[in-house]
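In what follows, a single structure is set out as structure tokens and then discussed.
The values are calculated or read from the model by the stated rules, or taken from the named source; none is laboratory data. From a predicted model like this one, the values you see are computed outputs, not experimental measurements. Ideal geometry is used to build each Cβ from the backbone, glycine not excepted, and the neighbour counts take in all protein chains shown.
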Amino acid sequence: MGRLRIIAGELKGRRLPVIDEPALRPTSDRAREALFNILGDRTAGARVLDAYAGSGALGFEALSRGARHVTFVDSSKVVLRALEHSRAEMGCLDRCRVVAGDVVALLDRGALAGPFDLVLADPPYGRGEHVRFLAAVGRHRPVVPGGFLIVEDEARKTQVLETDPPGFTHLRRTAYGRSALHFYEAGRDS
């Protein structure tokens, strides 16, 4: 089992366990730092959805930088246990919750307490999950108008994802090692 460090904020320097799960691919320190530097103060006071949470590094980094509340979603029982442990260890029980299930199915059922100011998504690579997730985001608009959606993908792919969700504007793509981050803003008339 490895560990990831929280880069900045009130939990800076604290370490999150990263379980040995074949599909788990935590966002690198470098990419997380760049992501939150780009977001700047937009994290402060935000309601955040960490979709495909895995280690929870994105959501815990958001909490550390002042997010009001984070909802972690994952479908792996092993990952969910680790997230519950991290939630208690970080002392964030009242500022986050862990939801078990497929994030697309949860969005389809209206089972997530959105809308969110910020949605962070790191779907598994190479399984078509990006397309499924972006279609669900387009259908359900879980992001407040003017809020942000950040989707991680493989850097070696083309410059844009296969489908941009309706009602969102693609602002930028930045690549860090094997990962690329796509930044979207929800339309203000959504």
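Filter the stretch 170-190 for residues that are within 16 Å of R42 (Cβ to Cβ) and part of a loop (DSSP other than H, G, I, E, B) and give the result.
R188
With (1) outside any strand (DSSP E or B); (2) of a type outside the set (F, W, Y); (3) under 19 Å from A62 (Cβ atoms) as the list, and D117 as the residue in question, which single condition is left unmet?
With respect to (1) outside any strand (DSSP E or B); (2) of a type outside the set (F, W, Y); (3) under 19 Å from A62 (Cβ atoms), D117 is out only on (1).
Cβ contacts < 6 Å: first residue within 10 Å of L16 (Cβ to Cβ), restricted to the stretch 79-95; second residue part of a loop (DSSP other than H, G, I, E, B) and at pLDDT below 90, any location; separation 6+ or different chain. Result?
Short answer, once both residue conditions are applied: A82/I19.
For G126, only one of the following conditions fails: (1) loosely packed, with under 14 Cβ neighbours inside 10 Å; (2) in contact with a helix residue (DSSP H, G or I) (Cβ under 9 Å, 6 or more places away or on another chain). What is its number?
All conditions pass for G126, except number (2).
With respect to R141, determine if the residue is in contact (Cβ under 8 Å) with a residue 40 or more places away in the chain and more than 29 Å from G2 (Cα to Cα).
Numbers: in contact (Cβ under 8 Å) with a residue 40 or more places away in the chain: yes; more than 29 Å from G2 (Cα to Cα): yes.
In short, yes.
Filtering the stretch 83-98 down to residues that are in a helix (DSSP H, G or I) and charged (D, E, K, R), which residue is farthest from R14 (Cα to Cα)?
If we take residues in the stretch 83-98 being in a helix (DSSP H, G or I) and charged (D, E, K, R), then E84 is farthest from R14 (Cα to Cα).
Name the residue that is modelled with the highest pLDDT, counting only residues in the stretch 50-82 that are assigned to a loop (DSSP other than H, G, I, E, B) and surrounded by 24 or more Cβ atoms within 10 Å (Cβ to Cβ).
Per the criteria, the residue is A67.
Of the residues in the stretch 31-49, how many are part of a loop (DSSP other than H, G, I, E, B) and out of contact with any Leu (no Cβ under 6 Å at 6 or more places or on another chain)?
2
Tell me, which residue of the stretch 170-190 that is free of Cβ contacts under 8 Å to residues at least 40 places away in the same chain and among the aliphatic types (A, V, I, L, M) is surrounded by the fewest Cβ atoms within 10 Å (Cβ to Cβ)?
Taking the candidates together, the pick is L171.
Assess whether R127 counts as being closer than 19 Å to T27 by Cβ, without any contact (Cβ under 8 Å) to a residue 40 or more places away in the chain, charged (D, E, K, R) and outside any strand (DSSP E or B).
Yes; evaluated as a whole, the condition is true for this residue.
Check whether at least one residue in the stretch 99-107 is assigned to a loop (DSSP other than H, G, I, E, B), crowded, with 20+ Cβ neighbours inside 10 Å, at pLDDT 90 or above and within 13 Å of the chain's Cα centre (by Cα), and report yes or no.
no
Among (1) in contact with a helix residue (DSSP H, G or I) (Cβ under 7 Å, 6 or more places away or on another chain); (2) modelled with pLDDT of 95 or more; (3) surrounded by 18 or more Cβ atoms within 10 Å (Cβ to Cβ); (4) not acidic (D, E), there is one condition R95 misses while meeting the rest; what is its number?
The single condition R95 does not satisfy is (3).
For R141, all conditions in the list (1) at positive phi; (2) out of contact with any strand residue (DSSP E or B) (no Cβ under 9 Å at 6 or more places or on another chain); (3) not hydrophobic (A, V, I, L, M, F, W, C) hold save one; what is the number of the exception?
For R141, the exception is condition (2).
Would a scan of the stretch 108-116 turn up a residue that is surrounded by fewer than 20 Cβ atoms within 10 Å (Cβ to Cβ) and modelled with pLDDT under 90?
Yes, the conditions are met somewhere in the stretch 108-116.
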